[in-house]
Amino acid sequence: MAYDAIETPFGKTDKILGGCATYIGLAASQFHTDCALVSVIGEDFDKNHKQLLLDRGIDLTGVETIKGGKTFFWSGKYHNDLNTRTTLDTQLNVLTQFRPVVPQHFKDASFVLLGNLDPSLQLEVLNQMESKDRLVILDTMNFWIADYREKLDEVIARVDVLSINDEEARMLTEEHSLVAAAKKLHQMGPKYVIIKKGEHGALLFYHEHVFCAPALPLEEVFDPTGAGDSFIGGFAGYLAQRKSTAVADMKSAIIFGAALASFTVQEFGTTALENLSTPALNRRLNAFKSLTEFEIELQ
C-alpha cells in the first residue's frame with residue numbers, strides 16, 4: 001500500500017493511491033470471495049482511501065499503521081513507449097519497519113498471493129500460513145531477481161504459481177526461448193508458470209501444456225503502473241471465487257486478469273478499478289473472447 005506520483009507522455013499526477021497490495025485488493029474485490037491484505041501504512045494514509053478498500057469488502061486487520069510514520073512513496077516517469085521508465089524518487093518510509101502479521105482468521109486461506117515485495121517478507125508471510133491445502137501464487141520483478149536472488153529462490157521453491165514478465169523469465173533462467181525458460185522455472189518448484197508479455201498477452205505453462213492469452217488492443221494507454229498487480233489480483237480472485245485450481249479455470253483466470261489490467265492502464269493509478277462496474281467488465285471479457293473466436297476447416 002503506497003502513494004505514487006506518475007508522469008507519462010499523456011500527463012502527470014501529484015500524489016495518488018498506489019501500491020501492489022492496493023491494486024491486487026481492488027482487482028480481487030471484483031469477485032465473490034473473502035480477501036484480506038497484509039501490509040503497512042503510515043499515519044499519513046488518507047482515511048478515505050482506507051474506507052475505499054473497506055467498502056469493497058477487503059479485510060484490513062492485517063494492515064499495520066505505524067504511529068508517526070509515512071507511507072511508502074514512489075515517483076516515476078514513463079517514456080514514450082510506456083515500456084521503460086525512470087524512477088525519480090523512492091521513499092521506503094514505514095516499509096523499513098514492516099514485519100507482516102497474517103490475521104488469525106486468514107491463516108488457513110486456500111489462496112495465498114505473495115505480492116511484489118522483498119522475498120524475505122514474502123517468506124515471513126508464507127511461514128505463518130497454516131493450511132496445507134492451498135495454492136500459493138508469487139509475483140516478483142527484476143529488482144529482486146538481481147539483488148536478492150538467493151532468498152528469492154527459496155520463495156520460488158515453495159510456490160505453486162510463478163508470475164513474471166518475459167524479461168524477468170530470461171533473467172532468472174538465462175534462456176532466450178520462453179519455452180526453455182518455463183521448463184527451467186518448473187524445475188525450480190512452481191507447477192504453473194505465467195509469463196506476461198505486456199501488449200502481446202500472456203503465456204501459461206503447465207508441464208508440456210501451453211495456453212496463450214491475447215492482449216486487448218487499446219487505442220489509448222495512459223498509465224501502465226499497477227497493470228501486473230491488477231492482472232495477478234484478478235487471476236487469484238477468480239480462482240478463489242471458483243474455489244478451483246483446475247487448469248481450465250486458470251485459463252479463464254488469466255483472461256479475467258488481463259481484462260482487469262486493460263482497464264487499469266486506461267486511467268492514472270487505481271481510478272479505473274475504483275469505478276469499474278460488472279457490466280463494463282463483462283463487455284471487456286466478451287471483447288477478449290472475440291479476439292480468438294474463429295472457424296477453420298481442416299484439410
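The values are calculated or read from the model by the stated rules, or taken from the named source; none is laboratory data. Nothing here was measured: the structure is a model prediction, and the numbers come from that model. Heads up, the Cβs are rebuilt from the backbone with ideal geometry, glycines too, and the neighbour counts pull from every protein chain shown.
General observations
- Any chance D249 is among the acidic types (D, E) and either under 16 Å from the mean Cα position of the chain (by Cα) or surrounded by 18 or more Cβ atoms within 10 Å (Cβ to Cβ) (or both): no
Conditions (1) of a type in the set (D, E); (2) surrounded by 21 or more Cβ atoms within 10 Å (Cβ to Cβ), marked per residue:
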position	(1), (2)
K196	no, yes
E199	yes, no
V210	no, no
D223	yes, yes
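- Of all residues in the range 47-67, those being under 20 Å from A27 (Cβ atoms), touching a residue at least 24 places away in the same chain (Cβ under 8 Å) and out of contact with any helix residue (DSSP H, G or I) (no Cβ under 9 Å at 6 or more places or on another chain) number 1.
- Only one of the listed residues (E150, E124) is over 23 Å from M1 (Cβ atoms), surrounded by fewer than 20 Cβ atoms within 10 Å (Cβ to Cβ) and at pLDDT 95 or above. That residue is E150.
Each row is one residue, and each column tells you yes or no for (1) hydrophobic (A, V, I, L, M, F, W, C); (2) surrounded by fewer than 16 Cβ atoms within 10 Å (Cβ to Cβ); (3) in contact with a helix residue (DSSP H, G or I) (Cβ under 8 Å, 6 or more places away or on another chain).
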residue	(1), (2), (3)
G69	no, no, yes
F73	yes, no, yes
G76	no, no, no
T86	no, yes, no
T96	no, yes, no
K107	no, yes, yes
S110	no, yes, yes
L135	yes, no, yes
T140	no, no, yes
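- Single residue of L298, L216 found to be among the aliphatic types (A, V, I, L, M) and either on the phi > 0 side of the Ramachandran plot or surrounded by 14 or more Cβ atoms within 10 Å (Cβ to Cβ) (or both): L216
- Each residue in the range 98-140 was checked for being in contact (Cβ under 8 Å) with a residue 60 or more places away in the chain and in a loop (DSSP other than H, G, I, E, B), and 9 pass.
- Matching residues in the range 253-278 - criterion: being part of a loop (DSSP other than H, G, I, E, B) and in contact (Cβ under 8 Å) with a residue 12 or more places away in the chain: V265, Q266, E267, F268, G269, T270, L276
- Where a residue in the range 144-168 is within 22 Å of D133 (Cα to Cα) and its partner, wherever it lies, is assigned to a helix (DSSP H, G or I) and of a type in the set (A, V, I, L, M), with Cβ under 7 Å and at least six apart: E154/L123; V155/L123; R158/L126; L162/I156; L162/L185; S163/I232
- Against the test of being surrounded by 13 or more Cβ atoms within 10 Å (Cβ to Cβ), within 21 Å of the chain's Cα centre (by Cα) and in contact (Cβ under 8 Å) with a residue 24 or more places away in the chain, the options L281, L291 yield a single qualifying residue, L281.
- Count - residues of the range 225-243 that are surrounded by 16 or more Cβ atoms within 10 Å (Cβ to Cβ) and assigned to a loop (DSSP other than H, G, I, E, B): 2
- Selected residue [among the small types (G, A, S), surrounded by 14 or more Cβ atoms within 10 Å (Cβ to Cβ) and in contact with a Leu (Cβ under 7 Å, 6 or more places away or on another chain)] from A180, A169: A169
- Residues in the range 170-186 that are of a type in the set (G, A, S) and over 12 Å from E208 (Cα atoms): S177, A181.
- Residue check for E199: over 30 Å from K50 (Cα atoms), within 17 Å of the chain's Cα centre (by Cα) and in a helix (DSSP H, G or I): yes
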